[in-house]
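The values are calculated or read from the model by the stated rules, or taken from the named source; none is laboratory data. Bear in mind the structure is a predicted one, so any value in this text is a computation, not a measurement. Virtual Cβ from ideal backbone geometry, glycine too; neighbours counted across all protein chains shown.
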Amino acid sequence: METQTVEQLRAKKCLPCEGGVPPCTPQEAEQQLARLTGWRLTAGGQRIRKDWVAKNFMAAIDFFNRVARLAEEEGHHPDLHLEGYRRVWIEIWTHAIGGLSENDFILAAKIDELPIEVKS
């Protein structure tokens, strides 16, 4: 996978993936993550994750609702987690290939555009 700017990623749309393609290597993933703010590799380099602390419970839920709408538009669905009442984290990977694809970075770049009220 070629490393892309955030703007290039945001200009793309996630494409259906039914498997049969190799996942990104950890090196490719690290190079792409260097262009995204706050995302990191997890699960042995097979997933990416980002954490936020929302202002309150409703701010967390509002953010999840925005992420859900985006995920439906893109046809690519992340794992959404809420711990306590405002600690939010999202984990993304391409289930069909058991690792990371370009879609994951496209979705991460687009999630970063969504507003979230954070704890001040």
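The table that follows gives values for the structure above.
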{"quantity": "Filtered residues of region 39-59 (kept if in contact (Cβ under 8 Å) with a residue 24 or more places away in the chain and surrounded by fewer than 17 Cβ atoms within 10 Å (Cβ to Cβ))", "calculated": "T42, A43, D51, V53, K55, N56, F57"}
{"quantity": "Close pairs (6 angstrom Cβ cut-off, 6 or more residues apart or separate chains): within 11 Å of S101 (Cβ to Cβ) and crowded, with 16+ Cβ neighbours inside 10 Å in region 2-30, modelled with pLDDT of 95 or more and of a type in the set (S, T, N, Q) anywhere", "calculated": "C14/N103; C17/T94; C17/S101"}
{"quantity": "Of residues in region 78-88 being exposed (fewer than 15 other Cβ atoms within 10 Å of the Cβ) and closer than 17 Å to W39 by Cβ, the one nearest to the chain's Cα centre (by Cα)", "calculated": "D79"}
{"quantity": "Yes/no for T37 being within 20 Å of P16 (Cα to Cα) and among the hydroxyl-bearing types (S, T, Y)", "calculated": "no"}
{"quantity": "Complete set of residues in region 55-78 that are touching a helix residue (DSSP H, G or I) at 6+ places or on another chain (Cβ under 8 Å) and either assigned to a loop (DSSP other than H, G, I, E, B) or farther than 18 Å from D104 by Cβ (or both)", "calculated": "H76, H77, P78"}
{"quantity": "Pairs with Cβ under 6 Å, 6+ apart, first in region 78-93 and over 21 Å from G45 (Cα atoms), second surrounded by 21 or more Cβ atoms within 10 Å (Cβ to Cβ) and at pLDDT 95 or above", "calculated": "L82/A60; L82/V88; R86/A54; R86/A60"}
{"quantity": "D62 being in contact (Cβ under 8 Å) with a residue 12 or more places away in the chain, acidic (D, E), surrounded by 13 or more Cβ atoms within 10 Å (Cβ to Cβ) and in contact with a His (Cβ under 9 Å, 6 or more places away or on another chain)", "calculated": "no"}
{"quantity": "Of all residues making up region 91-105, the number that are in contact with an Asp or Glu (Cβ under 7 Å, 6 or more places away or on another chain), crowded, with 21+ Cβ neighbours inside 10 Å and among the hydrophobic types (A, V, I, L, M, F, W, C)", "calculated": "2"}
{"quantity": "Matching residues in region 1-57 - criterion: being closer than 30 Å to Y85 by Cβ, among the polar types (S, T, N, Q) and under 16 Å from the mean Cα position of the chain (by Cα)", "calculated": "T37, T42, Q46"}
{"quantity": "Residue within region 58-66 that is at pLDDT below 95 and over 12 Å from the mean Cα position of the chain (by Cα) present", "calculated": "no"}
{"quantity": "Boolean, N103 is outside any loop (DSSP other than H, G, I, E, B), within 18 Å of P23 (Cα to Cα) and among the polar types (S, T, N, Q)", "calculated": "yes"}
